[in-house]
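Input: a single structure, listed below in C-alpha cells.
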Amino acid sequence: MDCFYRCDLLKHDISAFILIKDVKTRQNIQPYMFGNFHNTLKKRFIGSHEFYREVAVIVIPMIIQNTVTNIVSMLDNLMVGAIGTNPMAAVSIINYMLFVFNLCVFGGLSGPGIFATQYAGAHDDDGLRHCFRFKLIIMMLMTAVATAILLLFEKPLIGCFLKGEGSPEDITKTFEISRQYLQIMLFGLLPFAFAMMYSSALRELGETRVPMIASLTAIFVNLIFNYLLIFGKFGFPRLDAAGAAIATVLSRVVEMAIIVIYTHVKHTKYRFIEGAYRSLYIPKKLFMDICVRGTPLLFNEMCWSFGMTFLIQCYSLRGIQVIAACNIAVTFANIFNCAFFSMGVATGVVIGHELGSNKLDTVKETAWKLIALSVAISIVISIPICILAPYIPRLYKTEETVRLLATRMMWINAVLSPLLAIMHSSYFTVRAGGKSFLTFMMDSGYTWLVVVPVTWCIGNLTALPILPFYFISRAADFSKFLVSIILVKSGIWIRNIVSEK
C-alpha cells in the first residue's frame, strides 16, 4: 500500500520519482506513474478524429486560400524581380506600408468579430447583424484616414526606407517607382476593406469555403494581368511595377464583387445580411462593449504593424539589398507558414463558438489541442523551408549577395517557427474570450517594449552585420511565448461575453 500511496503523491512530479531509493518501489511505481503521465499528455494535447474533422472543415479552405495567395505573391515578386532589384525594393517598401493598413483593417474587424463568433455559437442573427454594421462603420473610417495619410505623407514615409547604403541613382529610382506604385494601389484600399469585412462575417459563421473561392478567383485575375501588364504581352502596354499595381487593384475588385454578391444572393442562409444596410443602428450597450473590447485590438494591430514596419526600416539601415532579401525571405516564409497562421484564425473561431455555446468546462482542453496541432504543423513545415532555402532565392534576377542573405534569413525564420506557432494560437485563444487588453500587452505591447528597442539599438548604435542583427531581433520574442502559455493555462479568458449581464 505504501508503494501506491507514494505513487499517488508523486505521479505528477517526475523529478520526485528520482528521489526514491528503493529499487523495488521504483519498479512498482514506474509503469503506473509514467503510464498515467503519458495518458494525461495524450488527453490534453491530442484530440479525437471527430475533433480534427471539425477543425479541418474550418481551417483547410483557409490554408488553401492563404497558400495560393502567397504563391501568387511570390510570382508577383518574381515578375517584378525580373525587372531588377530597384523595382523589387520599391514594391516591397509600399507593401510594407500597406501592411500597416491591412493589419489595421484586421484589427478593426477583430473587436466585433469576438462578439460575432459567440453570437454565431448562440445562433443570434440580430447580434451578428449589429456586429456587421459596426464593421461597416469602422471600415469606411479607416479607409478614409489611411488614404489621406498616404497621400499627404508619401514622400517622408517612403524616404524612411531609403536611408541606408546605396548609390544616389538607385535611391532616386527606387523612390520614384515607389511613388507611382503607391498612387495606383490606393484605389484598391476600399475593395480590400469590403472583401475583408464580408469574408470575416462568413468565417465567423464557420463558412470558409466561399471566401476561399473568391480569393482564388481574384488571385487568378491578378496573375494574368501581372503577366500582361508588367511585361507588355499580347498587345498590352509594358508598365513594369505600375502594371503589378493595376493587376492587384483589379483582383481586389473581383474578390469584393464575388463575396458580396454571393452573401446577398444567399441571404436566407446568412440572415444577418437581411436589413443590414437599412440603418446603422447598433444597441448602445453592444456598441460600447465592442468599443471597450475592440479598441485595444485595433490599436494592437496598428501598433504591431507599425512595429514590424519599424523593424524593416531598422534592417534597411544596412542597405537596399537587405530590403530585397527581407522581401524574398518573408514572401516564402508566408507560403510555408500560412498553415499555422490559418490555424490561429481557426482557433479563434472554434474557441469563440464553444464559449458562445457555454461549453466552458471543455474549452481549455480544446485550446491546448489546437495549440499542439499548430506547433506540430509548424515543425513539419520548417523542414522543407530549411531544405529549399538555398535554391528559392535563385529564382530571382538579383545579386548573389541578396540571395545569400535571403537564404540565411529563411533558415532563421524556420528555426523560430514553432515558437511563433505557440504565440499565434495563444493570442487567438485569449482574444476569443474578450481579453483584449491582455492580447494588446502580449502582442504589440511586448513588441514595442522589448523587440523594437532591441532592434533600434542594434541598428543605430552598433555595426553588427545584418544576419546576427536579424537573428537577435527575431529571437527577442522568446520570452513572449512563455507568457502566452501561462495565460492560456490560467483560464482567465474563459468567458461567454455575449450572455453577460
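The values are calculated or read from the model by the stated rules, or taken from the named source; none is laboratory data. These figures come from a predicted structure and were not determined experimentally. Ideal geometry is used to build each Cβ from the backbone, glycine not excepted, and the neighbour counts take in all protein chains shown.
Values computed for the structure shown
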{"read-out": "Region 454-482 residues that are more than 17 Å from MET423 (Cβ to Cβ), paired with ones that are not aliphatic (A, V, I, L, M) (beta carbon under 6 Å, 6 or more apart)", "value": "THR455/CYS314; THR455/SER473; TRP456/CYS314; ILE458/PHE469; GLY459/CYS314; ILE466/ARG318; LEU467/ARG408"}
{"read-out": "Selected residue [modelled with pLDDT of 90 or more and in a helix (DSSP H, G or I)] from MET74, MET139", "value": "MET139"}
{"read-out": "Residue in region 143-163 that is closer than 19 Å to MET302 by Cβ and polar (S, T, N, Q) present", "value": "yes"}
{"read-out": "Pick from region 274-315, criterion aromatic (Phe, Trp, Tyr) and more than 19 Å from ALA146 (Cα to Cα), ranking: surrounded by the most Cβ atoms within 10 Å (Cβ to Cβ)", "value": "TYR315"}
{"read-out": "Residue within region 229-243 that is closer than 27 Å to GLY344 by Cα, at pLDDT below 90 and of a type in the set (D, E, K, R) present", "value": "no"}
{"read-out": "Which listed residue, of ALA346, ALA339, is over 28 Å from PHE471 (Cα atoms), at pLDDT below 85 and either assigned to a helix (DSSP H, G or I) or in the same structural domain as SER92 (by TED's automatic domain parsing) (or both)", "value": "ALA346"}
{"read-out": "Any chance VAL488 is touching a residue at least 40 places away in the same chain (Cβ under 8 Å), touching a helix residue (DSSP H, G or I) at 6+ places or on another chain (Cβ under 7 Å) and under 29 Å from SER357 (Cβ atoms)", "value": "yes"}
{"read-out": "Qualifying residue in region 441-463 (condition: assigned by TED's automatic domain parsing to the domain that holds ILE379 and closer than 25 Å to LYS369 by Cβ)", "value": "yes"}
{"read-out": "Some residue of region 201-222 being surrounded by fewer than 23 Cβ atoms within 10 Å (Cβ to Cβ), closer than 29 Å to GLY344 by Cβ and among the polar types (S, T, N, Q)", "value": "yes"}
{"read-out": "Matching option when the condition is farther than 20 Å from VAL249 by Cβ, in the same structural domain as ILE328 (by TED's automatic domain parsing) and polar (S, T, N, Q), among ASN86, ASN102", "value": "ASN86"}
